[in-house]
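Heads up, the thing below is written out as structure tokens.
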Protein chains: 2
Amino acid sequence: MQSGEDKLIARFFKPLAAAEGALSLTDDAAFFSPPDGHEVVLKTDAIVAGVHFLPDDPPESIARKALRVNLSDLSAKGAKPAGCLMTLALPDGIAESWLEGFAAGLKSDCEEYACPLYGGDTVRTPGPVSISIFAFGTLPRGGMVRRAGAKSGHRIFVTGTIGDASLGLKLLREPARKAAWGLTDADAKFLIDRYRLPRPRVALAAALRNCASAAMDVSDGLLGDLGKLCDLSKVSARIEATALPLSSGARQALRCEPTLIEPIATGGDDYEILCAIAPERVPVFRQAAEAAGVPVTDIGEVTAGEEPPLLIAADGATLSFARTSYSHF
Amino acid sequence: MQSGEDKLIARFFKPLAAAEGALSLTDDAAFFSPPDGHEVVLKTDAIVAGVHFLPDDPPESIARKALRVNLSDLSAKGAKPAGCLMTLALPDGIAESWLEGFAAGLKSDCEEYACPLYGGDTVRTPGPVSISIFAFGTLPRGGMVRRAGAKSGHRIFVTGTIGDASLGLKLLREPARKAAWGLTDADAKFLIDRYRLPRPRVALAAALRNCASAAMDVSDGLLGDLGKLCDLSKVSARIEATALPLSSGARQALRCEPTLIEPIATGGDDYEILCAIAPERVPVFRQAAEAAGVPVTDIGEVTAGEEPPLLIAADGATLSFARTSYSHF
């Protein structure tokens, strides 16, 4: 009595449904209980071929990106991933090898992040491949780190390095830039990989809950995302261009083409965490981040006022750009 | 600092985010705590223009259908709706009036079913409009009604009437059938409305938890869905064609064209609940359903064996069809 859809699920996705409440994806719904004293944090983010990833990106990395962009949000909120559900819209004639790669990539990440699949829906679409993941996590009740909460005088930190994915996408679209920017093979590969495969900062969740007055992940562009955090916190900010943590590839590209500071600061797809830390919590935060193995960099200060955050160049001038982050609309 | 996407969310979807944990959709994620002793039931289902609804269906009813197909599953599992998240993929140039209608329809249902919006993602797509809803509900821990659990001798019940949506879709595609089937205006309108707007049986959730040995909603077709329930319960079933509850329009159409028993029994989109009830629980179940205002009909019996369920005609013959339910793949 199995339909084609049931067979597809049983073959490709049942192996990802490691949780008891997922019922091996054989039922209409799944069940989940957060640990006592904990609440559930809920997030959904979708990616569409030709919009959020390139149609010929490897299916493994497409699946992993679809999950990881959600885990990045959960981590920024201080939550520990607990599970996910997925809507997968597939055009006619999708190759079986594509599905195999996709399922293998997702399985590897469901395991790595202890975030099993609890359910999903697989539908035909006359449009491009699109993947909507709903991810949920848990944290002690009342503990979610908000965008609102930053106060004048708090330090602004960001994890990892900024701008890599944005430069990686430029390299994918115009491979000649590699030579123009004088990049080594390794640096070019690193930047492209940073576009294809976010590294959600799951290890930082507890440190954020303990130390951050506000936090969010950087997905649409550092400067624009900082603006959103400041908006909700009713503050402004001042960050230093020279303080932005850059990878060796991004540093090299920026040296060749100084206007790249714009895509670095506004391009997005970083999936690093931006947070505000009260000065007295900075030492504890630095220590916790180090213990978690997550590099963090102080890039500036929360200031009073409600104007958009300022990005200050080495010479003290304010850098301003046509737009500060990516928007679909 | 608001992007176009932020403005769209603030204008159209923030009014739907009535829960505290939704934070007015201004944060990266939301939070939710099930009541003490309860667990969360998780479900996601998507609908795509041209596949699950007609592109010129009213946007209000598209939004409501997208939510209701999920609430139907939650209800069949015995859960009470608690909230939802949505991924909305929109092609370029979607009319503002379409979005207004869509948001108004969704708001009306979020309120009617006490199922506020907790978050979402709005993305551009080169494909058709598609809507993926993730809905969650709660029920006492361990209380989820499964597909597995039906036993030989249990009675099979279905709510409401069966086949209306499938006939309604035929009417939308070939309006001449209205005359061929000798339908009144009211009957034709009723069938079409049943296709466009499911009525999830939320009022039956508690009765199912108390009485049903197995349950699921009928979305892909009665006979095929019964087969899935039997498969997981490792039983078979025998249902009577003459016992199927039909609306006056479906009854009239079937009289004119007896082969319509096939789309009625296998066409799907019913969003009624199919369940198995141990004989000694039947009186309690009937009483609880009546108290909940949900009509229920005994359509047959669970039998031993593992062969596909049988649909028996008035003359005792077994009706068999090329396929027993809808599948995308």
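In table form, for the structure just shown:
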| item | result |
| --- | --- |
| Criterion (in contact (Cβ under 8 Å) with a residue 12 or more places away in the chain, out of contact with any strand residue (DSSP E or B) (no Cβ under 7 Å at 6 or more places or on another chain) and acidic (Asp, Glu)) met by exactly one of B:100, B:112 | B:100 |
| Residue A:18 vs. criteria open to solvent by 40 Å² or more (accessible area, probe 1.4 Å), within 19 Å of the chain's Cα centre (by Cα) and closer than 26 Å to residue B:84 by Cα | no |
| Residue under evaluation residue B:103, criteria (1) more than 10 Å from chain A (Cβ to nearest Cβ); (2) surrounded by fewer than 19 Cβ atoms within 10 Å (Cβ to Cβ), criterion not met | (2) |
| In the stretch A:162-179, the residues that are hydrophobic (A, V, I, L, M, F, W, C), open to solvent by 40 Å² or more (accessible area, probe 1.4 Å) and touching a residue at least 40 places away in the same chain (Cβ under 8 Å) | A:172 |
| Qualifying residues in the stretch A:51-64 (those that are at pLDDT below 95 and charged (D, E, K, R)) - the one nearest to residue B:119 (Cα to Cα) | A:57 |
| Condition met for residue B:314 (assigned to a helix (DSSP H, G or I) and among the small types (Gly, Ala, Ser)) | no |
| Leading residue by the ranking (farthest from residue A:37 (Cα to Cα)) among those in the stretch B:1-15 that are at the interface with chain A (Cβ under 7 Å from one of its Cβ atoms) and open to solvent by less than 40 Å² (accessible area, probe 1.4 Å) | B:4 |
| Matching residues in the stretch B:230-253 - criterion: being touching a residue at least 12 places away in the same chain (Cβ under 8 Å), away from every other protein chain (no Cβ under 14 Å) and either part of a helix (DSSP H, G or I) or hydroxyl-bearing (Ser, Thr, Tyr) (or both) | B:241, B:242, B:243, B:247, B:248, B:249, B:250, B:252, B:253 |
| Candidate set: the stretch B:31-52, residues that are within 8 Å of chain A (Cβ to nearest Cβ) and out of contact with any strand residue (DSSP E or B) (no Cβ under 7 Å at 6 or more places or on another chain); chosen: the one farthest from residue B:196 (Cα to Cα) | B:50 |
| Filter result (more than 7 Å from chain B (Cβ to nearest Cβ) and assigned to a loop (DSSP other than H, G, I, E, B)) within the stretch A:16-30 | A:17, A:18, A:19 |
| The stretch B:141-161, residues that are within 13 Å of chain A (Cβ to nearest Cβ) and open to solvent by 30 Å² or more (accessible area, probe 1.4 Å) | B:141, B:142, B:146, B:147, B:148 |
| Matching entry among B:83, B:78 (being of a type outside the set (Ser, Thr, Tyr), under 15 Å from the mean Cα position of the chain (by Cα) and within 30 Å of residue B:211 (Cβ to Cβ)) | B:78 |
| Answer from A:225, A:231, A:217, A:270 - the residue that is at pLDDT 95 or above, under 20 Å from residue A:147 (Cα atoms) and surrounded by fewer than 23 Cβ atoms within 10 Å (Cβ to Cβ) | A:231 |
| Members of the stretch A:180-214 found to be assigned to a helix (DSSP H, G or I), more than 13 Å from residue A:157 (Cβ to Cβ), within 13 Å of chain B (Cβ to nearest Cβ) and open to solvent by less than 50 Å² (accessible area, probe 1.4 Å), listed by number | A:205 |
| Tally of residues being of a type in the set (S, T, N, Q), facing chain B (nearest Cβ under 8 Å) and open to solvent by 20 Å² or more (accessible area, probe 1.4 Å) across the stretch A:106-140 | 1 |
| Those residues of the stretch B:148-171 which are farther than 23 Å from residue B:190 by Cα and not hydrophobic (A, V, I, L, M, F, W, C), in sequence order | B:149, B:151, B:152, B:153, B:154, B:155 |
| Candidate set from the stretch B:34-50 (those that are small (Gly, Ala, Ser) and open to solvent by 40 Å² or more (accessible area, probe 1.4 Å)); member that is farthest from residue B:116 (Cα to Cα) | B:50 |
| From the options A:323, A:281, residue that is open to solvent by 70 Å² or more (accessible area, probe 1.4 Å) and closer than 22 Å to residue B:121 by Cα | A:323 |
| Residue match in the stretch B:65-88 (condition: within 14 Å of chain A (Cβ to nearest Cβ), without any contact (Cβ under 8 Å) to a residue 12 or more places away in the chain and either open to solvent by 20 Å² or more (accessible area, probe 1.4 Å) or small (Gly, Ala, Ser) (or both)) | no |
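The values are calculated or read from the model by the stated rules, or taken from the named source; none is laboratory data. The shown structure was predicted, so the numbers you read here are calculated from the model rather than taken from an experiment. With ideal geometry, Cβ positions are generated from the backbone for all residues, glycine too; neighbour counts draw on all protein chains shown. Ligands, DNA and RNA are excluded from the accessible area calculation, which covers all protein heavy atoms including side chains. Shrake-Rupley method; radii C 1.70, N 1.55, O 1.52, S 1.80 Å.
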